[in-house]
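Single-structure report; data block below.
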Amino acid sequence: MTMPVMEPDLDTATLRAWARAIDEGPFASACFGERIAFDNPETLTLMGALAAWTDRVRLVTTVIVPQLHDPVMLAKALATGDMLSGGRLTVGLGVGGRHEDYRAVGADPVTQTMRDVAERAAAMKRVWAGERLTESVRPVGPAPVQAGGPELLVGTMGPKTVRSAANWADGLAGTTLDLDVDAVSALFDVARSAWAEAGRPPPRLTTSFWFALGPDAREQVHRHLRHYMNWIPAEYVDAMAPFTGFAGSQDELLTVLRKFADIGTDEVHLIPTNSDVGQLRAAAEVMASLR
C-alpha cells in the first residue's frame, strides 16, 4: 500500500494513521514517492517517520530520483533509514518525469537518463560498502543493516530501461496505467531474461496502479489525477482518466490482483486516490481474501 503522500491537506495525524494501519496488515510494504515542486512531504524525512511509526512492513521508495540529490548524502540518508527501520528499506530509483523537479533543486535535466541513475547507484553502493570516496578520516556512515545496502529497484515502464538496469538493480518498481496484465507480463519476461544474461539472481518483480473503491470510484480517480498530474494539460488528463487505474468493487479488485499473481508478480503496490483511511481498510479486506 502506498502512503497518500500526493493528496492535498495532509497532516501528521493522517500520515501516522495510514502508516500504522498499513503496518497492522495484511500489507507487505508501505510505499512512498518523491516530487519536489509539489505539496507532498519530503521523502527522506517521511522515511524516518515511517521507520518510527511501523515495525513490520518494508518501506519502499517508489521512486526516488537520485539526480535530485548529492549521491553521498543520499546514500547516508538511506543507510540511516535502513538502520532506523531495522533493515526494512527497499529503494526504488528512477529518472522522474518532470523537468520542474530538476530545476527546483538546480539539477540539470540533461542528467535525466538511466546512465546517470546507474552511476549514482554505483556511488551509493560504494558508500554502503564502507569505501572512502575522499581522503576523509573515516568512511561515510552509518553502515546499512542490510549487507551491501538496501535492495534497489528500477522504476520503469519500458524494456530498454529494464535491460540497462540488469547489472545494478535487484528488480523492478514498475507501474501500469491501464492494468494491461499482458504488457506487464511481457516486461517481466524481459527482466527475467536480462537478469539471467547478466548472471544475476532472478529479479524482484513489482508493479503499481492507482485505485479507488466504492460507488464514486471513477470520479475519485479522476479528481486525483487532476491534482497529481498538474504538469499535464487538463484536457489530456480528462481524456485518460476514464481508462487509468482501477475503479470498482472489492471483488473486482480481487480479480485484478489474482491476474497479476498469475503472471508471477512478487508485489503490487496500490496507490490510493484520496487520504480516507476507509479506502485503505477496504483494500485490506481484499488482501485478506487474496491470501
Go through segment 215-238 and give me each residue that's modelled with pLDDT of 95 or more, closer than 25 Å to residue 289 by Cβ and not basic (Lys, Arg).
216, 217, 220, 221, 224
Among the residues of segment 35-58, the number that are within 18 Å of residue 80 (Cα to Cα) and either touching a residue at least 40 places away in the same chain (Cβ under 8 Å) or among the small types (Gly, Ala, Ser) (or both) is 7
Could you identify the single residue in 282, 196, 241, 288 that is of a type outside the set (D, E, K, R), more than 15 Å from residue 175 (Cβ to Cβ), surrounded by fewer than 21 Cβ atoms within 10 Å (Cβ to Cβ) and modelled with pLDDT under 95?
288
Given the condition more than 12 Å from residue 179 (Cβ to Cβ), in a helix (DSSP H, G or I) and out of contact with any Lys or Arg (no Cβ under 6 Å at 6 or more places or on another chain), answer yes or no: does some residue in segment 244-253 qualify?
yes
Given the criteria closer than 23 Å to residue 287 by Cβ and aliphatic (A, V, I, L, M), does residue 179 qualify?
yes
Criterion first (modelled with pLDDT of 95 or more, at negative phi, more than 21 Å from the chain's Cα centre (by Cα) and acidic (Asp, Glu)) does residue 267 satisfy it?
no
Condition test on residue 202, is it without any contact (Cβ under 8 Å) to a residue 12 or more places away in the chain, in a loop (DSSP other than H, G, I, E, B) and within 21 Å of the chain's Cα centre (by Cα)?
yes
When you scan segment 131-188, how many residues do you find that are in contact with a Pro (Cβ under 9 Å, 6 or more places away or on another chain), surrounded by fewer than 16 Cβ atoms within 10 Å (Cβ to Cβ) and touching a residue at least 60 places away in the same chain (Cβ under 8 Å)?
1
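The values are calculated or read from the model by the stated rules, or taken from the named source; none is laboratory data. As the structure is a prediction and not an experimental result, all values here were calculated from the model. Positions of Cβ are backbone-derived with ideal geometry, glycine not excepted, and every protein chain shown enters the neighbour counts.
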